[in-house]
């Protein structure tokens with residue numbers, strides 16, 4: 001099967017799943033979570049990948065690298081678009097305090113627990129893997145919040161805080177992930193060259209955003225807007241791909257700058273709305289297909305990962321409440337609402353895999369691929385929704 | 001204007017800079033970057049040309065020439081070859097649009113004009129170019145040594161390819177100018193129908209020229225059967241894809257643009273595997289959706305969002321592929337062929353329009369809408385080259401490419417002017 005036919009195949013698979021979902025409105029909470037976070041697409045990816053049916057061989061996956069790069073670029077760009085600094089004024093300072101504390105607390109606690117587990121089980125894990133693992137564990141999926149909102153289970157200020165905290169957490173994750181990828185990049189090492197690359201890549205994203213702003217300022221036509229956006233993202237991902245730095249990070253910075261320039265963001269959203277969901281599902285399929293070998297002991301490690309993540313999510317949420325003025329106004333299990341794992345974690349792990357493509361990246365892929373559906377089910381079980 | 005030039009220079013410098021940094025570049029990274037650079041520079045350049053009232057398509061092609069091997073050398077012939085799948089995808093997308101614009105209801109209203117003008121063009125151009133070439137061939141150095149049969153064979157093939165008009169140019173200019181009206185409909189119908197006529201006519205022509213005139217052997221039935229099978233299976237595949245789109249547009253109705261993009265991709269990839277004609281398959285798909293369902297408008301609007309990047313890539317790559325250096329090799333013959341094609345195009349169109357009692361604009365100006373030549377002509381040229389012996393094949397293709405270069409550069413400008421003259425542009 002040629003690389004392009006594989007894309008078509010993936011597109012149609014993604015569509016088949018999506019159409020079924022559209023046709024049969026799923027009511028069961030846990031099933032909705034599984035569908036929305038792309039668990040079934042992940043499974044399809046795993047099935048058609050080199051590990052099982054081999055419809056997508058490793059060679060084809062290599063040829064499709066440019067598409068994965070574009071999808072990741074797109075994902076980073078969308079996350080970046082959320083960070084409109086002017087709109088942050090709308091949120092209470094307590095929201096920021098809660099989100100930051102939650103993020104930091106979780107990262108520290110999770111690092112300690114990972115070191116403890118690795119020490120107890122005497123696992124041969126490179127220290128380089130700790131940092132991406134922590135960031136992957138920290139990222140929360142907004143899907144649980146979305147499903148809770150649409151089901152009407154959580155409303156008002158609490159829903160507002162949850163949405164803010166998850167979005168903020170993901171922004172921090174992507175930013176930290178980007179810096180981390182440059183620091184641990186074998187091309188640059190831990191010396192001054194990393195600093196140059198960080199500054200250089202930030203500068204390039206700034207340049208691209210500024211150029212977009214200047215080129216797009218007189219454009220009214222939606223098609224031309226779409227063309228410019230695709231063109232700029234291609235240039236950005238092309239350069240990033242060649243420099244072996246994080247794809248989601250550079251496009252994230254591009255998105256952040258763009259959304260903060262005096263540009264009509266509604267036009268931006270409108271021109272990309274059509275391609276957002278299919279590209280997400282495509283990315284999830286790629287994650288599944290990128291798992292080339294399955295290591296059985298990883299099941300135990302993943303189980304430990306999920307359990308420790310759940311406990312620490314709860315603990316971090318519980319602790320972060322005390323950062324705000326009236327901790328009792330928030331439920332003690334608020335951290336559990338951050339349990340979901342989805343798009344951001346998948347994009348980060350794929351980005352990591354694309355850059356390093358080694359045993360560590362395979363470990364991370366397996367952990368995330370299992371955690372995404374498992375967390376959704378686990379969340380339903382803990383919160384006793386439709387179980 | 002200076003701003004656009006400055007931006008183009010910045011993008012070109014980015015690409016040049018990336019090529020020269022001391023880090024090993026991945027081919028995937030280079031291709032991704034290059035596609036982005038093509039999209040942005042061609043778009044900006046075309047925008048620049050609009051100030052001189054030139055069509056965007058011309059801008060895309062000129063940028064392609066600048067980026068190509070004859071210009072800055074950013075787009076090498078290997079890279080153009082790598083991007084061949086993009087050209088096929090674009091062709092499929094454009095033909096899908098062309099088929100989607102072919103409404104039987106409107107065609108029925110304009111049937112008299114379309115059929116007379118089409119017949120006039122086919123007869124006048126084919127016979128006119130054929131006879132003119134036979135009479136003049138001996139005066140050109142490339143053909144002065146050839147005997148009569150070879151000249152007849154070449155005459156037939158040049159006359160056949162002279163019939164082709166680029167649906168991509170027509171659709172591209174219609175999309176760009178937002179042209180609507182009688183002239184637009186007639187030009188579009190004739191262009192699409194001519195493409196179908198050519199797909200049917202050409203196998204017969206090649207077989208006749210190659211086996212009977214050049215090799216003086218019997219009719220190659222196997223070759224004809226092969227072409228007929230290709231024709232039939234392309235139609236059947238087009239009907240299947242058309243039905244699939246109708247089902248999707250009726251039942252699923254979400255993210256239509258991406259689905260149509262996937263269908264175009266499927267057609268462009270599946271067609272070469274099964275020996276189908278991409279153009280015919282896509283046109284039939286579009287025709288089926290437009291005329292056998294109520295989903296025609298959804299098809300056209302679904303295609304719209306992707307159309308601009310597709311046109312930019314297609315025409316920019318077409319520009320980069322133009323072998324300008326070949327022009328000098330057979331300049332006199334090229335000018336002769338282009339001129340007689342112009343003359344008989346006008347005559348065929350004029351007589352057809354007079355017979356159909358059409359108005360002055362159609363009679364005197366609409367022939368300018370059929371000048372553009374691109375993919376079909378080159379595609380036919382390649383088929384001819386493969387069917388003929390190497391020396392004849394190369395000679396034919398060299399001259400054909402030279403004529404296509406001129407026609408393709410003039411085509412969009414003249415077509416835009418035709419729609420402007422007919423007062424059908426937005």
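See the values below:
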{"read-out": "Tally of residues being over 12 Å from residue A:214 (Cβ atoms), surrounded by fewer than 18 Cβ atoms within 10 Å (Cβ to Cβ) and within 10 Å of chain A (Cβ to nearest Cβ) across region B:1-18", "value": "1"}
{"read-out": "Residue ranges of helices (runs of 4 or more DSSP H) in region B:274-383 with at least 3 members over 30 Å from residue B:73 (Cβ atoms)", "value": "B:278-291, B:296-321, B:331-355, B:360-364"}
{"read-out": "Any chance residue A:106 is within 14 Å of another protein chain (Cβ to nearest Cβ) and either touching a strand residue (DSSP E or B) at 6+ places or on another chain (Cβ under 6 Å) or over 25 Å from residue A:46 (Cα atoms) (or both)", "value": "no"}
{"read-out": "Residue among A:300, A:259, A:240, A:265 that is at pLDDT 85 or above and surrounded by fewer than 23 Cβ atoms within 10 Å (Cβ to Cβ)", "value": "A:259"}
{"read-out": "Any chance residue B:234 is surrounded by fewer than 23 Cβ atoms within 10 Å (Cβ to Cβ) and away from every other protein chain (no Cβ under 12 Å)", "value": "no"}
{"read-out": "Candidates B:129, B:122 - the one that is more than 30 Å from residue B:307 (Cβ to Cβ) and modelled with pLDDT of 85 or more", "value": "B:129"}
{"read-out": "Restricting region A:336-365 to residues that are more than 16 Å from residue A:134 (Cβ to Cβ), part of a helix (DSSP H, G or I) and over 15 Å from the mean Cα position of the chain (by Cα), the residue that is modelled with the highest pLDDT", "value": "A:362"}
{"read-out": "Failed condition for residue A:174, given (1) more than 23 Å from residue B:24 (Cβ to Cβ); (2) away from every other protein chain (no Cβ under 13 Å); (3) modelled with pLDDT under 85", "value": "(3)"}
{"read-out": "Among the candidates B:324, B:273, B:347, residue that is facing chain A (nearest Cβ under 10 Å) and surrounded by fewer than 23 Cβ atoms within 10 Å (Cβ to Cβ)", "value": "B:273"}
{"read-out": "Test: residue A:325 is farther than 20 Å from residue A:99 by Cα and not in a helix (DSSP H, G or I)", "value": "no"}
{"read-out": "Leading residue by the ranking (nearest to the other protein chains (Cβ to nearest Cβ)) among those in region A:56-77 that are within 21 Å of residue B:258 (Cβ to Cβ) and not in a helix (DSSP H, G or I)", "value": "A:64"}
{"read-out": "Selection from region A:135-157 of residues that are at pLDDT 75 or above, surrounded by fewer than 15 Cβ atoms within 10 Å (Cβ to Cβ) and in contact with a helix residue (DSSP H, G or I) (Cβ under 8 Å, 6 or more places away or on another chain)", "value": "none"}
{"read-out": "Conditions (1) in contact with a strand residue (DSSP E or B) (Cβ under 9 Å, 6 or more places away or on another chain); (2) more than 12 Å from chain A (Cβ to nearest Cβ); (3) under 27 Å from residue B:416 (Cα atoms); number of the one not met by residue B:45", "value": "(1)"}
{"read-out": "Where residue B:88 falls short, out of the listed (1) facing chain A (nearest Cβ under 10 Å); (2) in contact (Cβ under 8 Å) with a residue 24 or more places away in the chain; (3) under 30 Å from residue B:1 (Cα atoms)", "value": "(3)"}
{"read-out": "The listed residue being touching a helix residue (DSSP H, G or I) at 6+ places or on another chain (Cβ under 6 Å), surrounded by fewer than 23 Cβ atoms within 10 Å (Cβ to Cβ) and under 30 Å from residue A:242 (Cβ atoms), out of A:308, A:380, A:361", "value": "A:361"}
{"read-out": "Among residues of region A:78-99, those that are in a helix (DSSP H, G or I) and either touching a strand residue (DSSP E or B) at 6+ places or on another chain (Cβ under 6 Å) or exposed (fewer than 15 other Cβ atoms within 10 Å of the Cβ) (or both), counted", "value": "5"}
{"read-out": "Test: residue A:320 is assigned to a helix (DSSP H, G or I) and buried (at least 23 other Cβ atoms within 10 Å of the Cβ)", "value": "yes"}
{"read-out": "Single unsatisfied condition, residue B:248 versus (1) touching a residue at least 24 places away in the same chain (Cβ under 8 Å); (2) more than 24 Å from the chain's Cα centre (by Cα); (3) within 14 Å of chain A (Cβ to nearest Cβ)", "value": "(1)"}
{"read-out": "Residue selected from region B:251-270 under the condition more than 18 Å from residue B:196 (Cα to Cα) and within 19 Å of the chain's Cα centre (by Cα), by the criterion farthest from the other protein chains (Cβ to nearest Cβ)", "value": "B:264"}
{"read-out": "Qualifying residue in region A:121-128 (condition: modelled with pLDDT of 80 or more and away from every other protein chain (no Cβ under 14 Å))", "value": "no"}
{"read-out": "Any hit, region B:21-36, residues being touching a residue at least 60 places away in the same chain (Cβ under 8 Å), more than 9 Å from every other protein chain (Cβ to nearest Cβ) and touching a helix residue (DSSP H, G or I) at 6+ places or on another chain (Cβ under 8 Å)", "value": "no"}
{"read-out": "Positions within region B:126-173 being out of contact with any helix residue (DSSP H, G or I) (no Cβ under 6 Å at 6 or more places or on another chain) and surrounded by 24 or more Cβ atoms within 10 Å (Cβ to Cβ), in sequence order", "value": "B:154, B:166"}
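The rows are residues; the columns are (1) part of a helix (DSSP H, G or I); (2) away from chain B (no Cβ under 14 Å).
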position: A:212; (1), (2): yes, no
position: A:220; (1), (2): no, no
position: A:235; (1), (2): yes, no
position: A:240; (1), (2): yes, no
position: A:257; (1), (2): yes, yes
position: A:263; (1), (2): no, yes
position: A:275; (1), (2): yes, no
position: A:298; (1), (2): yes, yes
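The values are calculated or read from the model by the stated rules, or taken from the named source; none is laboratory data. For clarity, every value in this text was computed on a predicted model and none was experimentally measured. FYI the Cβ positions are ideal-geometry reconstructions off the backbone, even for glycines, and counts take in every protein chain you see.
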